[in-house]
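This report refers to the structure that appears directly beneath it.
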Amino acid sequence: MVTWGVTGERVGRDSSEALDWDGQTVDPTALVRQLHSREATDGGGVPQHVDDCYRGTVTELALPAVDATVTRIDTDTDIGTVDSPTTLQAGTYLLTMQARASGSGGESPLGVVDDVRIHVRFDGPASLHSAGVTTVLAFRESTCVTVGFVWETNAERPHLQVPATPAGLATAITHLSGAHHTMQPSRSHPELRGHPPVVTTGETTRVPEPVRADRPETGIALRVPECEAELLVSAPLAYYLGAEVVVESRDSTLLTADGTSVRLSFDAWPSLQDGVAALLRKVFYLDCQVRRIDPAESGTRISSALSLDPDTVRSLSPAGRLERYVDVSDEAVNSILPEWPLSTYVSPAPERVRCLPFLLDRLSLIYLPDSSRLDRGELLDRTLSDSYLSRGSAERPPVIEPNLREGQLHAWLAPGTPIDACKTPPEAYVNRYRSQTRDSDDQRVTVVLNDEEMADEHTEVTEIYRAADLPMDVQVSELLSVEELAGVFRQPTEFVHFIGHCDDGGLRCPDGNLALASLSEVRTQTFFLNACGSYGEGLDLVGQGAVAGAVTLTDVLDKHAALVGTAFARLLSNGFSIQRALELARRRIIMCKDYAVVGDGTYSIVPSPAEPAVVWLSEGETGFDVQCTVVAPERPGESYRLPFDDSAALNGEQTSHSLGAAELADALGQTSMPVVYDGELHWSDDLAARLRTDF
């Protein structure tokens with residue numbers, strides 16, 4: 001079964017089965033069920049090749065995407081992209097749009113999530129308007145329409161090959177923006193950005209015709225010196241703008257837009273990193289404000305602080321819109337910008353072009369790595385007394401402290417072992433690509449206890465995974481041999497939670513140690529190796545095929561490991577990404593720097609929660625000061641309803657409230673989300689009960 005992941009509001013229609021675009025996945029047959037007297041056809045009514053086609057009558061048809069492109073085919077007139085209410089006169093029309101489809105196992109940028117192109121042929125008069133991230137096609141009376149689908153699977157996704165040179169890097173960046181389903185402001189919403197084509201390197205340049213055809217003609221160009229570092233950090237801006245990237249013999253990077261006054265010269269390296277990041281954040285945020293996606297996105301900040309008219313801005317070309325945004329005061333925008341979800345620190349090398357599609361899919365900012373070496377004292381690396389139980393004996397690897405820039409989460413695609421950033425080998429992105437293409441009908445979580453003294457954590461995390469009602473089996477194993485544990489990692493498994501010991505020989509088993517580097521194949525997607533010094537073993541798992549996981553950098557106390565393990569289990573099973581779940585879970589212990597993430601930390605084993613927020617709570621003069629932050633690194637540009645008001649908050653945005661104890665307890669009791677109170681991690685329903693007792 002294939003489903004569409006769509007968010008928005010309920011829209012009514014004449015069908016007996018109303019569709020609910022409230023953030024749940026929607027069976028594609030639901031679209032077809034809107035057609036009365038429907039029948040399958042051979043696609044003859046649609047002047048495009050289609051994989052499936054249906055004909056029927058409707059007075060209203062809801063489609064799971066926005067920014068439809070409309071052509072009047074009886075007069076061969078291109079009406080263009082429609083992103084505002086539009087009336088179509090009598091005539092024969094073809095409506096085309098792109099939507100994301102997800103398999104029954106969940107959502108992902110590749111494999112499980114494919115794209116579907118939808119063609120609708122109809123006769124006017126008719127009208128089009130948006131409702132959430134849905135386009136509604138309406139008629140004055142029951143009208144015959146033909147709906148065709150073109151499925152784009154991973155096997156059919158074109159691959160782009162370029163030489164490992166600055167010119168090849170520029171060619172790749174230029175064509176990756178073809179993944180946008182529209183160049184209107186609504187491309188700021190993740191549903192309207194597809195996954196960029198995969199890039200490989202070779203001696204020649206090969207750009208498949210579909211990739212060339214999809215590349216938007218925006219009139220925007222980014223002229224960059226012949227330097228891999230400058231090209232890499234400029235890639236997210238060029239990708240989002242749909243800019244042509246040109247390598248020239250020049251001292252600084254220049255942004256131009258045809259037919260406008262835009263001629264923006266960025267400061268020379270290394271200030272370029274801050275300049276391109278600042279402009280991307282500004283343009284992206286303003287697009288979020290003027291788009292017509294969520295009715296709750298009122299845009300009041302635009303009229304009051306930024307002097308932008310949304311209707312006027314939406315009517316401009318991409319180049320004209322960029323010109324208008326550049327004129328907006330940086331100071332006015334910077335004061336209200338949300339925190340950016342993700343930044344990645346990339347060591348410059350031409351072959352890094354192969355990682356770009358995955359970084360740009362997450363719309364990560366890109367910086368060059370900069371760090372300093374930390375000594376043991378700075379990490380509070382105290383010697384553990386023999387009187388404490390720990391999970392093995394491990395030497396901490398040399399650790400560096402990255403110079404972190406803008407971003408909620410940070411990934412380290414560079415040499416060294418960072419703290420407060422996810423160590424991401426390039427293989428992690430390839431593994432994510434491959435893992436999402438497999439059959440997802442038989443998913444499982446496996447909990448492994450390989451030391452009976454740690455049974456408390458084992459029992460509690462098993463109960464958490466089972467209580468979460470995950471769309472997968474939860475399997476429990478104890479005291480596995482080397483071969484049995486190897487078998488766990490070889491079988492298709494969504495997540496493995498290992499509880500036990502680790503030392504230089506690998507994960508400890510009753511009959512010896514399992515060195516994960518010895519495995520010829522790993523089909524486990526994600527993991528938590530809650531054992532002493534499991535960092536190296538975790539990197540080996542990613543190197544052998546896993547996507548991401550939580551590890552430890554040195555010896556950890558049993559009690560601390562159990563606290564982190566149980567908190568991590570609950571966060572992960574509630575839809576938080578691997579990295580965000582661990583960052584919150586390790587707040588439960590003082591030695592929080594002992595835990596780290598390896599691989600692609602933005603990955604989550606279940607879809608993000610409807611309210612992927614974290615509440616920060618402190619006592620104020622008259623009650624409680626409440627700050628709520630949305631954290632979903634895999635969906636930049638998404639907006640969410642928060643539990644303390646009815647407005648929409650963008651991913652990364654923080655809202656502040658003041659509530660009395662009773663009001664706060666009621667609000668927390670009606671939801672399920674992590675709360676940081678007095679510096680410690682709690683769960684909202686647990687804390688609500690405590691507040692009712694204490695206050």
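Determine if segment 607-629 includes at least one residue that is under 27 Å from the mean Cα position of the chain (by Cα) and of a type in the set (Asp, Glu). Yes, some residue in segment 607-629 is under 27 Å from the mean Cα position of the chain (by Cα) and of a type in the set (Asp, Glu).
Condition check ((1) open to solvent by less than 30 Å² (accessible area, probe 1.4 Å); (2) of a type in the set (Asp, Glu); (3) under 20 Å from Ser573 (Cα atoms)) across all residues:
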position	(1), (2), (3)
Asn450	yes, no, no
Met454	yes, no, no
Thr459	no, no, yes
Gln475	no, no, yes
Glu484	no, yes, no
Phe498	yes, no, yes
Gln525	yes, no, yes
Leu541	yes, no, no
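For segment 251-289, the set of residues classified as among the aromatic types (Phe, Trp, Tyr) and either open to solvent by 30 Å² or more (accessible area, probe 1.4 Å) or in a helix (DSSP H, G or I) (or both) consists of Trp269, Phe284, Tyr285, listed by residue number. Within segment 351-363, is there a residue that is part of a loop (DSSP other than H, G, I, E, B) and at pLDDT 90 or above? Yes, that holds for at least one residue. Only one of the listed residues (Gly103, Gly111) is crowded, with 20+ Cβ neighbours inside 10 Å, at pLDDT below 65 and at positive phi. That residue is Gly111. Any idea which residue in segment 227-250 is farthest from Leu286 (Cα to Cα), counting only those that are in a loop (DSSP other than H, G, I, E, B) and at pLDDT below 95? Ranking the candidates gives Ser249 first. Return yes or no: is Val676 assigned to a strand (DSSP E or B), within 26 Å of the chain's Cα centre (by Cα), surrounded by 23 or more Cβ atoms within 10 Å (Cβ to Cβ) and modelled with pLDDT of 85 or more? No.
Filtering segment 167-213 to residues that are assigned to a helix (DSSP H, G or I) and surrounded by fewer than 19 Cβ atoms within 10 Å (Cβ to Cβ) leaves Ala167, Glu209, Pro210, Arg212, Ala213.
Residues checked against (1) outside any strand (DSSP E or B); (2) without any contact (Cβ under 8 Å) to a residue 40 or more places away in the chain; (3) in contact with a Phe, Trp or Tyr (Cβ under 7 Å, 6 or more places away or on another chain):
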{"site": "Tyr603", "(1), (2), (3)": "yes, no, no"}
{"site": "Pro607", "(1), (2), (3)": "yes, no, no"}
{"site": "Trp616", "(1), (2), (3)": "no, no, no"}
{"site": "Phe644", "(1), (2), (3)": "yes, yes, no"}
{"site": "Leu664", "(1), (2), (3)": "yes, no, yes"}
{"site": "Leu691", "(1), (2), (3)": "yes, yes, no"}
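In segment 449-567, counting only strands (runs of 3 or more DSSP E) that sit wholly within it, the ones holding 1 or more residues that are under 23 Å from Ala421 (Cβ atoms) span 493-499, 524-530, 548-552. For segment 338-360, a residue qualifies if it is closer than 14 Å to Tyr285 by Cβ and either of a type in the set (S, T, N, Q) or buried (at least 18 other Cβ atoms within 10 Å of the Cβ) (or both), and the qualifying residues are Pro338, Trp340, Pro341. Among the residues of segment 324-350, which ones are of a type in the set (A, V, I, L, M, F, W, C) and either more than 21 Å from Trp269 (Cα to Cα) or assigned to a helix (DSSP H, G or I) (or both)? Result: Val326, Val328, Ala332, Val333, Ile336, Leu337, Trp340, Leu342. Residues of segment 52-90 that are modelled with pLDDT under 70 and farther than 22 Å from Ser186 by Cα: Asp76, Thr77.
Of the residues making up segment 613-653, those that are in contact with an Asp or Glu (Cβ under 7 Å, 6 or more places away or on another chain) and closer than 14 Å to Leu342 by Cα are Val630, Ala632, Asn651, Gly652. Applying the criterion of being among the aromatic types (Phe, Trp, Tyr) and within 30 Å of Cys355 (Cα to Cα) to the residues of segment 420-467, the residue that is modelled with the lowest pLDDT is Tyr433. Among the conditions (1) under 21 Å from Glu484 (Cα atoms); (2) buried (at least 24 other Cβ atoms within 10 Å of the Cβ); (3) not charged (D, E, K, R), Leu519 misses just one, which is (2).
The values are calculated or read from the model by the stated rules, or taken from the named source; none is laboratory data. Keep in mind the model is a prediction, meaning the values are calculated, not measured. Counting neighbours? That spans all protein chains shown, and the Cβs are built from the backbone with ideal geometry, glycine included. Side chains included, ligands, DNA and RNA excluded: accessible areas come from the protein's heavy atoms. Shrake-Rupley method; radii C 1.70, N 1.55, O 1.52, S 1.80 Å.
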